[in-house]
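Engineer: Please read through the structure below; I'll follow up with questions.
The values are calculated or read from the model by the stated rules, or taken from the named source; none is laboratory data. Everything numeric in this text was worked out from a predicted model, so none of it was measured. FYI the Cβ positions are ideal-geometry reconstructions off the backbone, even for glycines, and counts take in every protein chain you see.
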Amino acid sequence: RVPDPIQDFTKCCKNSGVLIVVKCRKENSALKECLTAYYNDPAFHEECKMEYLKEREEFRKTGIPAKKRLQKLPTSM
């Protein structure tokens, strides 16, 4: 689920056109606060680090990047 500040900022940007800078200040500030909270959260940092290390280990075993490894194969050949 996408956090509300992201949805609010996205909605504001879509509705504001070139006036984003003026009209979306409140939503932009809320988004920055949300991102800063995640950036400073040690548990989130550890979770991201573990996910990266897992992907790196898998790449070293297979030589296939996660992006390509997770793509679905065509069902009909």
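Engineer: Would you mention how many residues in the stretch 29-41 are surrounded by fewer than 12 Cβ atoms within 10 Å (Cβ to Cβ) and among the basic types (Lys, Arg)?
Structural biologist: Qualifying residue count for the region: 0.
Engineer: In addition: What are the pairs with Cβ atoms under 6 angstrom where one residue, in the stretch 38-62, is modelled with pLDDT of 90 or more and the other, located anywhere, is outside any helix (DSSP H, G or I) and exposed (fewer than 11 other Cβ atoms within 10 Å of the Cβ)? Sequence gap at least six, or different chains.
Structural biologist: No pair meets every condition.
Engineer: Could you count how many residues in the stretch 19-28 are surrounded by 12 or more Cβ atoms within 10 Å (Cβ to Cβ) and over 15 Å from Gln7 (Cβ atoms)?
Structural biologist: 2
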